[in-house]
Amino acid sequence: MKKKMIIFGIVIVILFAGLYFVIDYKNDQAMENNPYGKDDLHQATIDQLDSPYYGNQILPDELNKKVNSGEGLFVYFYSPTCPHCKKTTPMLAPLAKDMNVDMKKLNLIEFPEMAPKYMIRSTPTLVYFKNGKEVDRVNGAQSKELFTSFFNEYKDSGD
């Protein structure tokens with residue numbers, strides 16, 4: 001009986017080790033060419049790397065540079081673990097694309113220091129910047145109509 005328990009224990013350890021290596025390999029594959037410029041990503045971010053909804057990422061330095069340049073800029077601040085973002089992003093990303101709006105996305109779970117810098121208190125938050133400052137924002141999971149109106153109001157304001 002004791003031998004069977006030891007063998008059972010060894011089999012369990014081998015299964016868990018195998019599972020760990022499979023997950024680690026899968027994550028390593030997903031991390032190739034990731035747009036975040038860092039090697040240590042939150043698992044929720046890794047899970048979204050292949051999704052077309054989470055492309056067009058902007059990194060903090062590029063965001064700061066673009067805001068300071070004065071050009072018009074839409075930035076969608078989100079978190080991969082936010083339930084409201086998970087609901088909003090699959091609607092908002094295609095809407096921006098269909099409306100020919102270059103909506104940059106900033107992942108706050110990877111760059112939490114950007115939330116206080118841009119006064120982001122909740123996610124999702126869509127902000128329009130122009131002339132180096134915030135012009136307007138939409139907070140929370142809102143309707144497609146509201147986001148459409150927001151894009152229409154600012155998208156042709158002379159980038």
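The phi torsions of segment 36-48, fed into the Karplus equation with coefficients 6.51, -1.76 and 1.60 and a -60° offset, translate into couplings of 8, x, 8, 8, 10, 10, 4, 4, 5, 5, 4, 4, 9 Hz, rounded to whole numbers, with Gly and Pro shown as x. Within the chain, the longest run free of exposed loop sites, counting GluC sites (Glu not before Pro) that sit outside DSSP helix and strand states (H, G, I, E, B) and have at most 10 other Cβ atoms within 10 Å, spans 33-112. Listed by chain and number, the lysines placed with their C-alpha closer than 25 angstrom to that of K4 amount to none; residues fewer than eight positions away on the same chain are left out.
In terms of packing, defined here as the mean over residues of other Cβ atoms within 10 angstrom, the peptides 4-14, 87-97 line up highest first as 87-97, 4-14.
Give the shape of segment 62-141 as rounded, prolate or oblate, defined through the alpha-carbon gyration tensor: a ≥ b ≥ c are the square roots of its eigenvalues, a/c under 1.5 means rounded, and otherwise the shape is prolate if a/b is larger than b/c and oblate if not. Oblate shape, in that a/c is at least 1.5 and b/c is the bigger or equal ratio. Per-residue Karplus couplings for segment 110-120, computed as 6.51 cos²θ - 1.76 cosθ + 1.60 with θ equal to phi - 60°, are listed in order as 8, 10, x, 5, 7, 4, x, 4, 10, 6, 8 Hz, Gly and Pro entered as x. About its Cα centre, segment 40-102 has a charge dipole of approximately 220 debye under the convention of +1 per Lys or Arg Cβ and -1 per Asp or Glu Cβ, with nothing else charged.
Backbone geometry of segment 61-68 corresponds, through the Karplus equation with coefficients 6.51, -1.76 and 1.60 at θ = phi - 60°, to 3J(HN,Hα) couplings of 4, 5, 4, 4, 5, 5, 4, 5 Hz, x marking Gly and Pro. Where both bridge residues fall in the chain, DSSP classifies roughly 65% of the beta bridges as antiparallel.
Pairs over the 19 Å Cα-Cα cut-off, from the set K65/K144; K104/K155; K104/K130: K65/K144.
Between P124, P83, P116, which gets the highest mean-square fluctuation from a Gaussian network model of the chain, Cα cutoff 10 Å? For the chain, modelled as a Gaussian network with Cα springs under 10 Å, the answer is P116.
Treating r as the C-beta distance of S143 and D39 and R0 as 35 Å, the FRET efficiency rounds to 0.35. Taking the Cα atoms of the chain, the ratio Rg/Rh between the radius of gyration and the Kirkwood radius comes to 1.16. In this rough spin-label picture, where each label sits 7 Å from Cα along the Cβ direction, the E134-M91 distance is 2.2 nm. Against the main long axis of the alpha-carbon atoms of the chain, helix 83-98 sits at an angle near 50°. Its Cα centre serving as origin, segment 69-158 has a Cβ charge dipole (Lys and Arg +1, Asp and Glu -1) of approximately 220 debye.
No lab work stands behind these numbers, since they all come straight from the coordinates. All values reported here derive from a predicted model rather than from experimental measurement. Backbone-built Cβ (ideal geometry, glycine too); neighbour counts: all protein chains shown.
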